[in-house]
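The values are calculated or read from the model by the stated rules, or taken from the named source; none is laboratory data. Computed from a prediction, not measured in an experiment: that's the story for all the values here. Cβ sites come from the backbone with ideal geometry, for glycine too, and all protein chains shown count toward neighbours. Side chains included, ligands, DNA and RNA excluded: accessible areas come from the protein's heavy atoms. Shrake-Rupley method; radii C 1.70, N 1.55, O 1.52, S 1.80 Å.
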Amino acid sequence: SEKELLSLKKSLAHSLNNIGFISQNQGKVKEALEYFSKSLKIWEEIDNKYGIAYSFNNIGYVYQNQNQNKEALKCYLKSLKLREEIGDKYGIAYSLNNVGVVYQRENEIEKALECFFKSLKIREELGDKFGIAYSLNNIGAIYQKEGEDSEALEYFFKSLEIREEIGDKQGLAESLCNIGLIYQTQGKDNKALTYLLRSL
């Protein structure tokens, strides 16, 4: 039946996507792109915008890891547009974050901050604490790069607080390390050591 065929195609698209992730984790970039592209083709066949957006995001991530920022940005913007069309707020926040990361890499600081703040706002509306902490950390990293230590620390500490609250150990290690590194550059070695050891 048509319903069974649709279900089968969805399963196939998910499976191809999962193989893409495995290939990517093994550093097989060409294979990962092939599987993500095959998955995308099926999502397009069945006109599933959620799946299409997801595939574009994954393809973008492969390009990002290869430092092909322009290609990554193209994919992330396509993903963002589709997620806006279907009103997928979690997805929109995620895509905005990814777009921001590429802008940051391209040294387009204002554009990156704009994306991160938009992403943060949506995540706050959703009550997505994991995502909020992630956005706060990204904003802090930009201020750190720009040499604005007090602003960077403010955002890193906010992120740290949420990560402690939700028990996100990987995130905690990251936040503690970021704070420690700022104290280190400020010559506050004892403070730096406290945070870096906790991170370790």
Residue hits (the stretch 123-167; within 20 Å of residue 89 (Cα to Cα), of a type outside the set (D, E, K, R) and over 15 Å from the mean Cα position of the chain (by Cα)) are 126, 127
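Within the stretch 39-60, work out how many residues are surrounded by fewer than 18 Cβ atoms within 10 Å (Cβ to Cβ) and of a type outside the set (Val, Ile, Thr). Write out each step before concluding.
To start, the set of residues in the stretch 39-60 that are surrounded by fewer than 18 Cβ atoms within 10 Å (Cβ to Cβ) comprises 41, 44-47, 49-50.
Narrowing the set further to residues that are of a type outside the set (Val, Ile, Thr) leaves 41, 44-45, 47, 49-50.
Looking only at that region, the number is 6.
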Out of everything in the stretch 63-108 that is of a type in the set (Gly, Ala, Ser) and buried (at least 22 other Cβ atoms within 10 Å of the Cβ), what residue ends up being farthest from residue 145 (Cα to Cα)? 79
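Which of the residues belonging to the stretch 103-115 are more than 16 Å from residue 89 (Cβ to Cβ) and part of a helix (DSSP H, G or I)?
As a first pass, look at the stretch 103-115 and keep what is more than 16 Å from residue 89 (Cβ to Cβ): 103-114.
Answer for the stretch 103-115, where residues must be more than 16 Å from residue 89 (Cβ to Cβ) and part of a helix (DSSP H, G or I): 103, 104, 105, 109, 110, 111, 112, 113, 114.
Out of 193, 153, 172, I need the residue that is open to solvent by 70 Å² or more (accessible area, probe 1.4 Å) and part of a helix (DSSP H, G or I). Which one?
Values: 153 fails: open to solvent by 70 Å² or more (accessible area, probe 1.4 Å); 172 fails: open to solvent by 70 Å² or more (accessible area, probe 1.4 Å).
Sole residue among the options that is open to solvent by 70 Å² or more (accessible area, probe 1.4 Å) and part of a helix (DSSP H, G or I): 193.
Could you tell me which of the residues 71, 84 is more than 19 Å from residue 124 (Cα to Cα), in a helix (DSSP H, G or I) and more than 15 Å from the chain's Cα centre (by Cα)?
On the way: 84 fails: more than 19 Å from residue 124 (Cα to Cα).
Step by step, each of 71, 84 is checked, and only 71 is more than 19 Å from residue 124 (Cα to Cα), in a helix (DSSP H, G or I) and more than 15 Å from the chain's Cα centre (by Cα).
Out of contact with any strand residue (DSSP E or B) (no Cβ under 6 Å at 6 or more places or on another chain), within 23 Å of residue 74 (Cα to Cα) and open to solvent by 30 Å² or more (accessible area, probe 1.4 Å): which single residue out of 148, 114, 165, 125 fits that description?
Just one listed residue meets the conditions, 114.
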Taking into account only those residues within the stretch 10-38 that are over 12 Å from residue 54 (Cβ atoms) and of a type in the set (Gly, Ala, Ser), which is surrounded by the fewest Cβ atoms within 10 Å (Cβ to Cβ)? 27
Can you name every residue in the stretch 54-86 that is under 19 Å from residue 118 (Cα atoms) and small (Gly, Ala, Ser)? 79
